[in-house]
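Computed from the coordinates by the stated procedures, all read-outs in this text should not be read as laboratory data. What you see is a predicted model; the values in this text were computed from it and never measured. Don't worry about glycine lacking a Cβ; one is built from the backbone with ideal geometry, like all the others, and counts go over all protein chains shown.
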Amino acid sequence: MRAILLGFALGVFGLQQQARLPDGIAWAACCAAFLLAATLGAMQPRARIASFAVAACALGFAYSAMRADVRLREQLPVEYEQRDIELTGFVRGLPEQRADGTRFVFEVEANAARLHDFPCLVRLLWMSGDGAARLRAGERWTLSARLKRAHANANFGLRDAEVTLLERGIRATGYVSAARAPRRLKVDAAGPRLTIDRLRGRARDRIEAVLGDAPHRGIIVALAVGAQDAVSDADWAVMRATGTSHLVAISGLHIGFVAGLAALIAGFLWKRLRLRGVPAPLIAAAPQVAALGAVVFAACYAALAGFNVPAQRTLWMLLIVALAFLGGRRPVSSLVLLWALTFVLIADPWAVSAPGFWLSFCAVAAILHAIAATGRSASRAQMDDHDDVDEWDRVDPSEVGQRPAHVTKRRPLAIVSRFAARVRRHVASSARVQYAVTIALAPLTVYWFSQIPLLGPLANAFAIPWISVLVTPATLAGLLLPAPLDAPMLHVAHAALSTLCDLLARLAHAAPTSLWLLPRPGAFALAASCVGVAWALAPRGWPLRFAAPLTWLPLLAPAMHPAPVGAFRVTALDIGQGSALVVETARHTLLFDAGPGPESTHAGERIVVPYLQAAGVRTLDALVISHSDSDHAGGASAVLQAIAVRQLLASLPAQDALWADAHARGAPTLRCAAGQRWTWDGVDFQMLWPQPGPLSGKPNQQSCVLKVTNAAGRSALFAADIEADVERMLIARDPAVLRADVLIVPHHGSRTSSTEPFLDSVGPFAAIFQVGYRNRFHHPHPTVFARYQMRDIVLSRSDEDGAARVEIGSQITFERYRQSHARYWMAR
């Protein structure tokens, strides 16, 4: 059975790696594989397990393909993008309060355009300046919205956020427009989902009303209803540094603890209950009632959490164990986990793309393995204790009534020894479990987050029981008790949480370098480290177990793949409407612009910094900020905060705060000007613009223009946001110096740039447009884009291709992310 369940999961995972959904030939091959494997398994007992596993794999592949086909049918037609459409529906989930407005998920009942297969769920932003109302979960509205098809940034080494939208069923995004005044409608009836959403919303409102502006209020809300948008940046920073971020979510740990507490309470009350004079245990056994109470309460708490993957996994495991217990069976732990895995994937085939899925199931597998090993050790220890301590049981029956003196003297010591042995076993068991979880999750943590929190084992040793025993029960008690009795419990929960956060902050401050940053591992390094984990956690006596750390070397000491000496690599990140380019030589790295910042999409923090960390860049030899526009300079502060910078070159006004920020972090500063030149690893860097002297004109006219040339004479030109007047001046000065093989298109393809003489002077082989999907500036301008097409230039657009990577050596190789990492949901 284990092989069959694993085969089904493997089939689901395999479908999510496909560049396109199965066509007729693929469906025929899948059906043939299923029938052949099932027939062979039924006819050949020796090959039954392997055959049924193959059949289950084909079944999982086909099932997830059908689910994907159904979901992808919901699509916004291209011609209706960015058009005002009146929608009627419900507010789903908990609205998220942001600085620029309220973001929420809207369940569409009807659309005024009367489009078939219209997305059932859309994500909207109601901007603050447009008369945004106080939205509440479960409300019914009619509003006008401007939508775009589901689209997200696509970058090398980072998680594909587009599949997250697909997993949640969100097939369009947009904002509430002012074309028509929104109207709140009366709700006649509500289904279970909306009822749960309303309960979650009321619970959050109660907590916010009681705690007000308490510093850690966001964590209490997250533990109560699973909404993490109110958690402060300071709390996130401390938890990331100490490896305790998982405690903010309603995880399986919390649900399991609450279920256990509910079982104790239900069993206690049932034993003392009488129904029509008959003791309740005579009607139904107390353990069975306790099991039922644990499942019911766990289901309620999982509903509050929004049924995330860890909550689903825990709920399925509890339900399977409870049903087995009621039926008088005791299932094997591994089988329970695999059944839970199967049910989670049946409900959500896209869960395999989420970090929480892998972290949750692998953590439980490691815990079960450690507990099994502990159980074997404990059994041996109990047998030893029985042999060594319980001497009274070995007294000769003929000597009953004549207690030997030596037994009488040793019995108190034996009790103390037995208690001490139990304490040691408990501590050893807890340490073994923590060791197993730490080792098992380390490769996945590096893969998903490019880091290992070295303080994690120590911090979790006291943070997990603190949250589970003190904070979570007090929070739930505050939710269950009516006002005003809820306030004391919520304040107790916050006080306990404040103490924990203070301890974690001190721990993080005492070890500022506690985060071990590592590049995102490749397939070989990840596979080798996972084999090493299984090897290290193998039972005692497993051959060469001491050699397991050798398999972690590709993960912990990865082999870097820099550009050869005399060559360089350019990565144009997909950050939406803005610019961020990474230039790598054999031993140096330069970042040209840092994308938008907090005033827009937070791309510097969300994309640029994680990309640099995933690529193993710990120090930037130079950070070049071309000019002061926010889509180029907004993310620079996040880069300075997270990455060491050896020098800042920028074309910014003297009063710009970025200069002071760089000085505060010890980075030398220099205003970029034409004539500056330096060489790294045989690659020449030359600044072509602006002219030396005081800055004048608008920011676009002050943009830094950088040319990078390798030893073979091949080059790339970074033109920032220069416009036609600057292009003319560069041509008049020296048109030959503009010649380049790769051009980062000036001003995102605006009609005010990329003039004919400029393109003739540059003569690029390839050109990269960094533009946002359906951006409000309508970049690139159709005329300008056609101008590039007529010259047979190899083109890449970030809104269509995602990030682009160019290797410039003796030859030029071009890679587009959405082509080399294609998945069936892209551009759908």
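Summary table below
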| quantity | calculated |
| --- | --- |
| HN-Hα J in Hz across region 443-458 - Karplus 6.51, -1.76, 1.60, θ = phi - 60°, x for Gly and Pro | x, 5, 5, 5, 5, 8, 10, 6, 7, 10, x, 5, 7, x, x, 5 |
| Helical mean residue ellipticity (222 nm; -39500 (n - 2.57) per DSSP H run of 4+; nearest 500) of the chain | -15000 deg cm²/dmol |
| Length released on extending from Arg98 to Tyr435, taking residue separation times 0.36 nm less the Cα-Cα span | 117.4 nm |
| Which of Ala42, Val176, Met66, positive extreme of dipole for the chain (C-beta unit charges) | Ala42 |
| Radius 14 Å from Cβ of Ala280, net charge of other residues (Lys, Arg +1; Asp, Glu -1) | +4 |
| Two-site label geometry, Leu72 and Ala209: point separation in nm, points 7 Å out along Cα→Cβ | 4.7 nm |
| Sequence-distant residues sharing a close amide H with Gly616 (under 5 Å, placed H) | Arg520 |
| Counted charge near Arg134, where neighbours are those whose Cβ lies closer than 11 Å (Asp, Glu -1; Lys, Arg +1) | 0 |
| Computed FRET value (nearest 0.05) for Val531 with Glu756, which takes r as the C-beta separation and R₀ as 51 Å | 0.30 |
| Rounded to the nearest 20 debye, dipole of region 568-820 from Cβ charges on Lys, Arg, Asp, Glu | 180 debye |
| Helix axis angle, 724-733 relative to the chain longest principal axis, alpha carbon, degrees | 60 degrees |
| Sites Thr195 and Val296 - FRET efficiency at Förster radius 22 Å, r taken between beta-carbons, to 0.05 | 0.85 |
| Difference of contour (0.36 nm per residue) and Cα-Cα distance, Ala538 to Ala664 | 40.4 nm |
| Degrees between helix 233-242 axis and first principal axis of the chain (Cα, 0 to 90, nearest 10) | 60 degrees |
| Dipole of the chain [Lys/Arg +1, Asp/Glu -1 at C-beta], most positive-end residue of Gly260, Gly576, Gly243 | Gly260 |
| DSSP-defined antiparallel bridges as percent of all bridges, the chain, nearest 5 | 70 percent |
| Efficiency of FRET between Ser128 and Leu556 - r from beta-carbon atoms, R0 60 angstrom, step 0.05 | 0.85 |
| Residues whose placed amide H lies under 5 Å from that of Val645, excluding near-sequence neighbours | Leu620 |
| Extreme residue, positive dipole direction of the chain, given options Gln434, Ala736, Pro699 (C-beta unit charges) | Gln434 |
| Distance (nanometres) between label positions extended 7 Å along Cα→Cβ at Asp188 and Ala654 | 7.1 nm |
| In sequence order, calculated HN-Hα J values of region 595-602 (Karplus, 6.51, -1.76, 1.60; Hz; x Gly/Pro) | x, x, x, x, 6, 9, 9, 6 |
| ³J(HN,Hα), Karplus 6.51/-1.76/1.60, whole Hz, each residue of region 537-545, x for Gly, Pro | 8, 5, x, 4, x, 5, x, 6, 5 |
| Residues listed by number, region 668-696, amide nitrogen under 18 Å from Ala736 label point at 7 Å toward C-beta | 675, 686-688 |
| DSSP-defined antiparallel bridges as percent of all bridges, region 471-625, nearest 5 | 75 percent |
| Pair Asn775, Thr88: separation of 7 Å Cα→Cβ label points (nm) | 3.9 nm |
| Stretchable slack from Ala113 to Arg422, in nm (0.36 nm times residue separation minus alpha-carbon distance) | 104.2 nm |
| Cα long-axis angle, helix 333-347 against the chain (0 to 90 degrees, to the nearest 10) | 40 degrees |
| For Leu706, residues with placed amide H under 5 Å, excluding near neighbours | Leu688, Phe718 |
| The chain - charge dipole about Cα centre, Lys and Arg +1 at Cβ, Asp and Glu -1, debye rounded to 20 | 2480 debye |
